[in-house]
């Protein structure tokens with residue numbers, strides 16, 4: 001295999017630092033194209049993006065454009081979006097790197113008319129006899145790209161010798177399978193270009209350690225103290241509780257907040273997340289929480305409030321024909337609050353929803369990136385909204401308060417990383433192991449910049 005093998009799962013508990021080259025070096029950014037992006041599985045879209053035979057999307061990563069096609073009801077194919085004749089892209093892609101979509105029975109090069117089917121086979125070459133018989137099928141077909149699906153996402157890998165997708169995704173895939181993301185559909189999807197490295201944008205959402213300073217209005221619901229784990233290439237986190245000696249132990253944190261009246265706190269918290277995040281809950285969950293003061297007496301213990309709310313939510317979903325997934329308390333605890341899927345994907349999951357992020361380099365500039373966020377959700381049959389990718393400038397009106405607060409850190413972090421006075425990141429060894437693990441794995445692919453013990 002032309003890529004590093006999976007790391008064993010470990011806790012990265014030793015305090016570590018890592019250098020800034022991964023964020024600021026143009027040479028590093030250019031090397032990522034060959035050492036990282038050409039070797040890893042990347043989620044390139046959702047299966048729902050190409051429901052009918054002939055539907056296609058493109059995925060843009062650096063200078064590479066990947067054409068992904070619904071070749072048959074049960075088959076998806078992927079190719080480099082380039083004609084083998086003179087190198088013209090088969091499908092023109094819009095500026096900004098967000099990709100193109102459409103439907104075609106075949107793909108015709110706009111330069112000289114060479115034509116290809118959904119399997120990448122060349123079906124027409126004008127005046128083919130001029131080449132005196134040397135144009136073989138292998139020489140004139142499209143260059144294929146590995147493609148597979150998991151969780152309703154389409155994944156691509158440009159390395160022909162890559163490990164299978166499932167092997168790459170473990171243990172994340174096994175821990176997240178109960179959520180059945182493939183049964184969810186888009187609720188919204190937006191993107192914007194930021195003046196920061198793709199890793200800065202990704203890391204802005206990778207840990208709850210930032211909540212106290214970045215989202216202080218949320219502290220009335222909890223302390224947001226969190227464990228963070230390395231899970232091979234990937235990582236997850238979840239809420240924890242501090243002990244008297246300031247150590248930490250894992251615990252299940254309910255959504256009832258820390259106020260005196262759990263009914264009111266639950267209703268307020270669900271409403272605030274819906275209004276200021278636009279995700280991490282659903283309208284059905286918000287409405288069920290709003291009924292709690294009418295359905296339960298004052299003084300009902302928090303655990304009972306949480307149980308009643310969940311049972312109401314399940315019944316409300318059942319009433320519209322949406323099945324609640326079978327997820328045990330143990331499975332919820334093991335999955336945690338949120339995941340980083342290496343290298344550039346974030347998932348904040350729930351039984352009927354997920355808020356997802358993807359970041360990518362923008363051109364060859366280490367100080368620019370494409371940031372995308374979208375919500376997926378379980379809907380009744382035929383009730384999923386029609387959505388498209390929307391370019392949205394980074395304002396609170398476009399992105400809601402909480403995400404806009406996260407945005408406020410990104411450019412300032414990039415500026416600080418470029419300062420000659422910055423000596424290297426010092427991630428929290430308990431709460432930010434996902435971030436340290438990202439850089440450990442980046443170092444293995446890139447061959448430089450591994451985290452080192454703090455001296």
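The values are calculated or read from the model by the stated rules, or taken from the named source; none is laboratory data. Only a predicted model underlies this, so the values are computations on that prediction, with no experimental measurement involved. Counting neighbours? That spans all protein chains shown, and the Cβs are built from the backbone with ideal geometry, glycine included.
Details
- Answer from 269, 285 - the residue that is within 30 Å of residue 405 (Cα to Cα) and modelled with pLDDT of 95 or more: 285
- Scanning the range 235-257 for residues that are modelled with pLDDT of 50 or more, surrounded by 15 or more Cβ atoms within 10 Å (Cβ to Cβ) and not in a strand (DSSP E or B) gives 255, 256, 257.
- Test: residue in the range 336-358 that is free of Cβ contacts under 8 Å to residues at least 40 places away in the same chain and assigned by TED's automatic domain parsing to the domain that holds residue 432: yes
Yes or no, residue by residue, for (1) modelled with pLDDT of 95 or more; (2) buried (at least 16 other Cβ atoms within 10 Å of the Cβ); (3) within 22 Å of residue 361 (Cα to Cα):
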position	(1), (2), (3)
14	no, no, no
17	no, yes, no
22	yes, yes, yes
28	yes, yes, yes
37	yes, yes, yes
42	yes, yes, yes
49	yes, yes, no
52	yes, no, no
55	yes, yes, no
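- Matching helices (runs of 4 or more DSSP H) fully within the range 124-206 where at least 3 residues are surrounded by fewer than 20 Cβ atoms within 10 Å (Cβ to Cβ), over 16 Å from the mean Cα position of the chain (by Cα) and not assigned by TED's automatic domain parsing to the domain that holds residue 323: 137-140
- The strands (runs of 3 or more DSSP E) found wholly in the range 4-121 and carrying at least 2 residues that are touching a helix residue (DSSP H, G or I) at 6+ places or on another chain (Cβ under 9 Å) and not assigned by TED's automatic domain parsing to the domain that holds residue 388 occupy 55-61, 64-72.
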